[in-house]
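Undergrad: The structure that follows is given in the form of structure tokens.
The numbers here are math on the coordinates, done by the rules we state, and not lab data. Because the structure is a prediction, the values reported are computed rather than measured. Backbone-built Cβ (ideal geometry, glycine too); neighbour counts: all protein chains shown.
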Amino acid sequence: MFNFHQDHKKLVLTSFIVFAGLSTLIAVMPAYHMQETKPLPAMQGLTEQEKNGLHIYVQENCVACHTQQVRNIEMDNTWGERPSMPSDYYFSKKRLDVWRQSPSLLGSERTGPDLTNIAKRQPGKEWHLMHFYNPRIVVEESIMPGYPWLFEEKNEKEVAETDVVVPIPAQLLKDQHNKVVATQNVLDLIAYLQSLKQAPLPGNGAPEFIPSAKKKEITTASTPADVTVTATATGPDGAKIYMNTCAACHQRDGKGLAGAFPSLAGSTIVNDNNHETQIKIILQGYDARAEYGVMTGFADQLNDEEITAVANHERTNWGNKGSVITAEEVKKIRESLKKLSQ
Amino acid sequence: MMKKKLPQFQTFLSLNSLLTFIFTASGIGATIFAQSQPNPSTKDWAMSPGIIGTLILILIVALVAIMILVVRISAYLESLKKRSILRKKIEFSEELIGLDEAGIDNILEKRKAALNYRLAGSELGSEQQATDNKGIIAKVTHDPHNPMVDEKKKSPLNLETPEPLKTLVIWYLGAAVFWLVFGTLVGQYVGMKFVWPEMDSVSWLSFGRLRPVHTNTVFWGWASMAMIGLGYFVVARTSNTTIHSYKWGWTAWVLINLSVVVGNLFLMNGLNNGGGEYREYIWPVALLFALGLIYTFLNFYKTIANRCISEIYISNWYLLGGLIWTITLATIGYLPNFQNGLGETVIQGYYMHQGVGMWFMTYTLGLVYYYLPSSLNKPIYSYSLGVLAFWTQMFFYTLIGTHHFVFSPLPWWLQTIAIVFSAGMFIPVVAGSTNFYMTMRGSWNEISKSYILPFFLVGVVFYFVGSTQGSFQAFRFTNYVWHFTDFNVAHSHMTMYGIITFFLWACIYAILPKITGKEPRQLAVGVHFWLAFVGLFAYMISLMAGGTLKGLNWIEGDPFINSVILMQPFWLWRAIGGSLMFLSHLVFAYNFYVMIKKESSSTVSPTNELQPVNA
């Protein structure tokens with residue numbers, strides 16, 4: 001009956017039917033099933049501007065280097081508060097137009113950072129503008145390409161009032177009298193990035209990360225004494241938090257970038273023996289000086305211990321000699337701010 | 001961070017510790033059990049079965065390379081030895097000439113008695129001149145072209161090939177060679193951007209846009225065109241008939257080339273399908289390619305249906321299977337109905353994996369089932385193993401696409417199936433590579449005499465190593481360390497280059513001289529082989545080592561930018577390996593030109609070469 005060796009019809013037909021059947025089971029049906037996903041209640045659809053930003057994201061194929069998935073393993077906790085869920089992609093992964101399908105946002109290479117929560121991690125528009133023009137202005141070691149074609153170089157006199165001027169160092173320009181102006185495309189792209197943050201889950205139903213083995217050791221420690229020892233040993237590392245949250249703008253060496261982000265090295269606020277201003281800025285953000293970009297607050301992202309660690313890191317490095325602060329102080333100021341806003 | 005990790009890495013690389021790993025109690029059984037726990041400790045990362053397995057596999061490749069080298073060197077040493085014996089003889093006779101007369105007399109006196117007895121002089125032959133009446137001796141020389149390595153065997157006499165088939169195959173291969181050079185030039189450029197990100201600031205040449213140009217060109221331009229061209233010869237030859245329609249062959253040639261040209265222009269212009277790997281071409285462009293495949297499939301099918309022998313040769317199973325599966329795959333990959341939300345992600349895993357497995361791998365195996373035995377001039381070891389590999393390839397390969405999305409928000413059961421059946425891939429891989437190995441067995445000495453077989457050998461070894469390593473990589477622990485890192489890139493070059501490209505080169509060198517009657521220069525083939533092989537090795541090892549360190553760095557929770565800094569030297573080595581690979585392609589293009597150029601004097605013509613040699 002199955003004489004495949006001599007019957008080409010049977011051979012081809014069998015291999016086609018079995019393959020198509022398996023494909024339906026393993027790909028087409030699960031795919032249909034995944035489409036039934038509904039968005040989370042807190043999620044909002046993309047605005048027209050964000051949608052155009054997503055198109056630019058696809059056009060420049062950012063997917064080649066940036067993932068948008070927080071895997072359910074603890075090492076990915078850096079990129080989001082919870083593992084990604086199918087609902088997260090409800091609005092962003094829709095067919096783009098007649099020619100192009102739903103974008104492959106999850107990605108397969110993490111040559112650059114994951115962008116699931118980039119809006120929380122890097123809320124500043126100024127930073128993004130400089131970074132898109134040439135990433136090495138703000139992150140010296142970056143290997144990301146610059147996107148100068150998303151900007152226009154204009155003569156000072158031609159700059160209109162509505163134009164968004166980007167403070168690019170003069171040596172990178174063709175003509176010293178030129179100004180770099182952002183195009184609508186790059187503004188849309190940034191708007192899209194600023195929409196990328198994980199929506200909160202209703203109730204306590206958040207899926208958990210598969211914990212790393214290290215954590216497990218701590219919870220299974222037999223005596224309470226052990227617990228305290230491990231806990232202090234693994235207390236928040238100020239240098240690490242600084243590198244992850246602050247260095248993108250204030251730079252690795254704490255010197256900031258002239259015309260964009262203020263220096264922390266030698267800063268009067270950081271060296272001040274009154275700790276209040278520094279703690280407040282970290283918690284609330286800062287927008288008091290027109291010559292610098294806007295800083296957002298980190299009250300939601302960092303806990304008291306982490307803020308203490310990072311503030312002390314700033315106070316004891318790059319020649320700074322500020323007095324050390326304690327988590328108690330941070331806690332107090334956080335509470336007073338809370339009261340104030342009520 | 002780097003300083004902390006590097007010593008650990010070096011210790012781990014040492015052969016000693018490797019052997020210890022193999023013999024420790026945590027053998028494969030225990031460790032497979034261990035990876036069902038989803039939260040491994042990274043302290044013992046080097047003990048993970050996937051990582052140990054991969055290291056052993058790389059070691060196998062290194063050993064084979066050393067083996068080839070040793071065979072070559074020993075052949076060379078042998079020739080040196082012979083020459084030194086000859087030299088000694090000459091020295092001896094010169095010494096005799098130099099003796100004074102009294103000395104000579106003395107010796108002659110001593111020998112006189114012994115020499116009294118004389119043969120008539122014609123016992124072992126006659127005084128006739130040696131002649132070769134039957135044309136057995138092709139060439140006699142005491143002055144080889146290249147004293148460094150063994151002279152390789154010439155290709156046997158031409159195969160009779162219908163002129164239109166010959167032209168078709170040459171044009172397919174010609175287009176393939178062009179796309180190989182272009183595609184890898186782009187690849188090399190993109191690789192250099194990791195080291196010098198500011199090489200240009202032109203939108204059409206930016207990394208994001210060029211990367212898919214590289215992958216799609218080498219996939220659909222180089223490999224696919226070469227595969228189809230080589231397939232035309234196999235189908236006609238093994239069916240003992242002529243191709244159903246040359247016109248369809250040409251139509252497909254135009255369609256596929258057109259899709260690569262238009263698709264690349266679109267990509268560079270910023271028009272892509274959404275960034276899913278290997279389906280970056282938008283659907284109208286992909287449709288051109290799919291139509292090309294449909295023409296090819298119908299043409300092959302009708303030719304095989306018209307065969308003049310009752311059995312369908314095993315190669316044709318793979319060729320027809322590869323074509324019909326890929327047509328199905330392209331249809332599913334581009335149908336819009338189920339691709340919103342994570343539906344697209346399920347299809348992406350399925351599509352990118354099957355694109356490699358059902359098209360490149362299946363089809364190329366079919367080519368090897370013909371070209372390997374025919375260049376060894378013996379039958380394939382086992383027909384049944386080939387059949388087993390065919391069905392298991394279809395069954396297991398189809399189910400494992402989601403292993404590209406382990407720990408992602410895709411359903412856990414889908415991920416588990418993918419991991420389990422990835423391990424199942426051992427069956428077709430072992431069946432296939434055993435078959436090729438057993439076919440080659442007993443002909444090892446041919447390796448030093450042939451310029452084709454080293455390519456086959458590397459392909460076979462990488463088929464086993466690359467595929468098995470891929471299965472290891474699907475395990476959950478190895479995903480912790482390697483996923484999202486440059487290790488993936490190393491793996492894909494190990495397979496698409498180490499397996500597919502080396503096999504295709506072997507097939508091209510095997511068949512072209514036979515249908516055009518012109519052979520490439522052997523030294524140039526050797527240069528091609530070694531540049532490509534060494535380049536691939538440098539490329540692979542640097543990205544594997546760097547990728548591992550990067551993954552460990554991420555698990556450690558270091559700031560992300562540190563992993564970028566850590567990769568810098570590895571990216572440089574990758575670019576160096578890539579340059580060697582690209583250079584080898586230029587040499588290959590030259591060899592191709594030599595094999596097809598119209599007027600040539602390198603044709604083997606027995607009458608010219610057979611001249612008496614006065615030794």
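Undergrad: Let me know the longest stretch in chain B that avoids all trypsin sites (Lys or Arg not before Pro) found in a DSSP loop with at most 11 other C-beta atoms within 10 Å.
TA: B:135-440
Undergrad: Report, in degrees rounded to the nearest 10, the 0 to 90 angle that the Cα long axis of helix B:246-269 makes with the longest principal axis of chain B.
TA: Computed tilt is about 60 degrees.
Undergrad: Relative to the first principal axis of the alpha-carbon coordinates of chain B, what is the inclination of helix B:314-334, with its axis defined by its Cα atoms, in degrees from 0 to 90 and to the nearest 10?
TA: Roughly 30 degrees between the two axes.
Undergrad: Peptide A:236-246: average number of partner chain Cβ atoms within 10 Å per residue? Mind showing how you got there, number by number?
TA: Working: counts 0, 1, 0, 1, 5, 1, 1, 5, 5, 1, 0.
For this peptide, the per-residue mean of nearby foreign Cβ atoms is 2.
Undergrad: Oh, and also: Measure off 7 Å from each Cα along the Cα-to-Cβ vector at A:T47 and B:K247, then give the distance between these two points in nanometres to one decimal.
TA: Using points 7 Å along Cα→Cβ, the separation is 5.9 nm.
Undergrad: Would you mind computing, in nm to one decimal, how far apart the modelled labels at A:A160 and B:K139 are, each placed 7 Å from Cα along Cα→Cβ?
TA: Once both label points are built, they end up 7.5 nm from each other.
Undergrad: For the stretch A:237-341, max minus min Cα coordinate along each principal axis, in Å, sorted largest first?
TA: Each principal axis gives a Cα extent; for the stretch A:237-341 these are 36, 27, 25 Å.
Undergrad: Which of the peptides B:343-349, A:237-243, A:115-121 is most tightly packed, and how do the rest follow, judged by the mean count of other Cβ atoms within 10 Å per residue?
TA: Top to bottom by mean Cβ count within 10 Å: B:343-349, A:115-121, A:237-243.
Undergrad: About the Cα centre of the protein assembly as shown, how large is the charge dipole given +1 on each Lys and Arg Cβ and -1 on each Asp and Glu Cβ? Please answer in debye to the nearest 20.
TA: Using only the charged Cβ atoms, the result is roughly 1920 debye.
Undergrad: A further question follows. Multiplying the sequence separation of A:D253 and A:K197 by 0.36 nm and subtracting their Cα-Cα distance, what value in nm do you get?
TA: In short, 17.3 nm is gained.
Undergrad: Next question. Taking Cα pairs under 8 Å and at least six residues apart, what relative contact order does chain B come out at, in percent? Present the calculation step by step, with values, prior to reporting the outcome.
TA: Numbers: 726 pairs, mean separation 105.2, N = 615.
It rounds to 17 percent for chain B.
Undergrad: Summarise the partner chain shielding of A:60-69 as one whole number: the mean count of Cβ atoms from other chains within 10 Å of each residue's Cβ.
TA: Shielding by partners across A:60-69 averages 6.
Undergrad: Lysine pairs in the stretch A:48-193 with alpha-carbon atoms under 22 Å apart, 8 or more places apart or on different chains: how many are there?
TA: 11
Undergrad: What whole-number volume per residue, in cubic angstrom, does the convex hull of the C-alpha atoms of the stretch A:86-151 give?
TA: 135
Undergrad: Shifting gears a bit: Per 0.36 nm of contour for each residue apart, how much would the distance between A:S263 and A:L337 grow if the chain were fully extended, relative to their Cα-Cα spacing?
TA: Contour length minus the Cα-Cα distance gives 24.1 nm.
Undergrad: Checking the table A:K240/A:K338; A:K38/A:K338; B:K166/B:K518 against a 25 Å threshold on Cα-Cα, which pairs fail?
TA: Table pairs above 25 Å Cα-Cα are A:K240/A:K338; A:K38/A:K338.
Undergrad: Using only the alpha carbon atoms of the stretch A:48-193, find the Kirkwood hydrodynamic radius as the inverse mean reciprocal pair distance, in angstroms to one decimal. Kindly include the intermediate steps, with their values, before the conclusion.
TA: Working: mean 1/r = 0.0601 Å⁻¹.
Every distinct Cα pair counted, the radius reaches 16.6 Å.
Undergrad: Below 8 Å, C-alpha to C-alpha, sequence gap of six or more: please give me the relative contact order for chain A in percent.
TA: 15
Undergrad: Here's a follow-up. Just flag the trypsin sites (Lys or Arg not before Pro) in the stretch A:42-106 sitting in loop per DSSP whose Cβ has no more than 16 other Cβ atoms within 10 Å.
TA: Loop-located and lightly packed - A:R95.
Undergrad: Excluding residues fewer than 8 places away in the same chain, name every one of the aspartates and glutamates whose C-alpha is closer than 16 Å to that of B:K81.
TA: Cross-link targets: B:E91, B:D150.
Undergrad: Please determine, in degrees from 0 to 90 and to the nearest 10, the orientation of helix A:184-193 with respect to the longest principal axis defined by the Cα atoms of chain A, where the helix direction is its Cα long axis.
TA: Taking Cα atoms only, the helix is inclined about 90 degrees.
Undergrad: Would you list which aspartates and glutamates come within 16 Å of B:K597, measuring only between C-alpha atoms, while excluding same-chain residues fewer than 8 positions from it?
TA: B:E163, B:E519
Undergrad: Next question, about the same structure. Hey, any idea what Rg/Rh is for the stretch B:290-350, computing Rh the Kirkwood way over Cα pairs?
TA: Expressed as Rg/Rh, it is 1.16.
Undergrad: Run the Debye formula on the Cα coordinates of chain A, all scatterers equal and no solvent, and tell me log10 I(q)/I(0) at q = 0.07, 0.10, 0.14 1/Å.
TA: Reported log10 I(q)/I(0), two decimals: -0.41, -0.77, -1.31.
Undergrad: What is the Rg over Rh value, at two decimals, for the protein assembly as shown, using alpha-carbon atoms and the Kirkwood definition of Rh?
TA: So for the protein assembly as shown, dividing Rg by the Kirkwood Rh gives 1.06.
Undergrad: Can I ask one more? For peptide B:481-493, compute the average count of partner chain beta-carbon atoms within 10 Å of each residue's beta-carbon.
TA: The shielding value for this peptide is 2.
Undergrad: I need B:L523, B:L119 ordered by Cβ neighbour count within 10 Å, fewest first.
TA: Details: B:L523 15, B:L119 7.
Ordered from fewest to most neighbouring Cβ atoms within 10 Å, B:L523, B:L119 come out as B:L119, B:L523.
Undergrad: Next question, about the same structure. Computed on alpha carbon atoms, what radius of gyration and Dmax characterise chain B, expressed in Å?
TA: 28.5, 106
Undergrad: Scan the stretch A:250-318 for trypsin sites (Lys or Arg not before Pro) in coil per DSSP, keeping those whose Cβ has at most 12 other Cβ atoms within 10 Å, and list them by number. Provide the component values of the computation, followed by the final result.
TA: Numbers: sites: A:R252, A:K255, A:K280, A:R289, A:R315; in loops: A:R252, A:K255, A:R289.
Passing sites in the stretch A:250-318 are A:R289.
Undergrad: Under 20 Å Cα to Cα from B:K378, which aspartates and glutamates show up? Leave out anything in the same chain fewer than 8 places away.
TA: B:E160, B:E311, B:E446
Undergrad: Which percent, to the nearest 5, of DSSP beta bridges fully inside the protein assembly as shown are antiparallel? Please report the intermediate quantities before stating the final value.
TA: Working: 10 of 12 bridges.
Taking every DSSP beta bridge within the protein assembly as shown, about 85 percent pair in antiparallel fashion.
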